[in-house]
1. Determine the percent antiparallel among the DSSP beta bridges restricted to the chain, to the nearest 5.
2. Determine the shape class of the chain: with a ≥ b ≥ c the square roots of the Cα gyration tensor eigenvalues, call it rounded for a/c under 1.5, and otherwise prolate if a/b is greater than b/c, oblate otherwise.
3. With the chain treated as a Gaussian network of Cα nodes joined by springs under 10 Å, which of Thr230, Thr256, Thr31 yields the largest mean-square fluctuation?
4. Can you pull the one-decimal nm distance between simple spin-label points at Ser134 and Ser81, each 7 Å off the Cα toward Cβ?
5. Which whole-number percent is the relative contact order of the stretch 11-165 (Cα, under 8 Å, 6+ apart)?
6. Given a cut-off of under 8 Å on Cα pairs at least six residues apart, what relative contact order in percent is computed for the chain?
7. With a 10 Å Cβ neighbour count serving as the proxy for reagent exposure, in which order, fewest first, do Asp123, Asp89, Asp207 appear?
8. Give me Ile72, Ile155 sorted ascending by neighbouring Cβ count inside 10 Å, so fewest comes first.
Amino acid sequence: MDAKKVFITGITGYIGGSVAMKLKETGYHVTGLVRKPEDIDRLNALGLEGVLGNIHDEQLLRRCISGSDTVIHTAESADDSFAAGLLVDLLAGTGKTLVFTSGSAILGGKEKGEANDFRFTEDIPLQPQLEMASRVLVNQFIQRAATRGVRSIVIVPTMVYGKGTGLKKDSIQLPALIRFSKEKGHGVYFGKGANRWSNLHIEDLVDLYLLAMEKAKPGSIYFAENGSATIRELAVKISDVFQLGEAQSVSVEEGTKQFGAIGAHFGFASSSYCSADKARKELGWKPEFANIMDFTN
Ligand SMILES: NC(=O)c1ccc[n+]([C@@H]2O[C@H](COP(=O)([O-])OP(=O)(O)OC[C@H]3O[C@@H](n4cnc5c(N)ncnc54)[C@H](OP(=O)(O)O)[C@@H]3O)[C@@H](O)[C@H]2O)c1
């Protein structure tokens, strides 16, 4: 088998597409799962291949996995336990690599904009909020897949910023905060906005995926960050960059109307603050971008 074949779920997305492009440039053969037929041609134009189908289609995934030696799962969402279970069942006993994308909202509480500068590392046991508990269980399940003959690795990105290099250029949180701020006419934060999120640039995250693929031990988990900001600091910068009114607090209730309860509480009003020193030390990861404030425009 060609040792350089990678199958990516979420290849049309921000993280998956950016990882795919870097893998292609590095010499890997990349195929990805695609939901919309028109995206196959769009991927081909980037030199990538797409397979049309559904993340829950066992026969299709079996074929895709048997033709690859690495699977990178970036399809929304990190909470899809059925997809996680299916991928592990199909990979069990193969010794192949599974890089699974989680998300650092698992670190958040219901801060409602209050400060909480507790900084997590991977070895601190989590006591997640109920709403995030299944995501933590999924991560643990993926890590335990190492005992079933899968070289499983979990990556936990924080707030990712910067332009994607695949089909989807924009991330999730910062663009959503900018859109809402423009709607309101001022930079928006929730409650005091003193809640802190770790963050990192998409290109640094992509490098981490490649290093993890090459070097990580089976069953490992890595947080991904290279800096942090409070939501209020982001709002002040957004006001400045887009020449909006002075940054102002919005209630978490209004945030809930805009982003849904989980989005408002765990995407914007919580703290999600961690260290990625483990990735730096164990994998030799050297992120280059350190300032989210350069990327608010
Ligand atoms: N961006 C961040 O800052 C960030 C931070 C931490 C964690 N994460 C997590 O990382 C993952 C990827 O994030 P992203 O920013 O790349 O998201 P994204 O740009 O929205 O991409 C999501 C991808 O998943 C695909 N997808 C969605 N539902 C699917 C389904 N049922 N079956 C197959 N494919 C499906 C989408 O396909 P279509 O193109 O067809 O919609 C797209 O390719 C998510 O789990 C997200 O929660 C992201």
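We did not get these values from a lab; they are worked out from the coordinates using the rules stated. Every value quoted in this text rests on a predicted model; they were computed, and no experiment measured them. Using ideal geometry, Cβ is built from the backbone for each residue, glycine included, and neighbour counts are taken over all protein chains shown.
1. Beta bridges within the chain, antiparallel portion: roughly 10 percent.
2. Judged from the Cα gyration tensor, the chain comes out prolate (a/c at least 1.5, a/b above b/c).
3. Looking only at Thr230, Thr256, Thr31, the biggest GNM fluctuation is shown by Thr256.
4. 0.7
5. That works out to 25 percent.
6. Details: 667 pairs, mean separation 62.1, N = 297.
Relative contact order comes out at 21 percent.
7. Details: Asp123 7, Asp89 15, Asp207 20.
Ranked by crowding around the Cβ, least crowded first: Asp123, Asp89, Asp207.
8. Ordered from fewest to most neighbouring Cβ atoms within 10 Å, Ile72, Ile155 come out as Ile155, Ile72.
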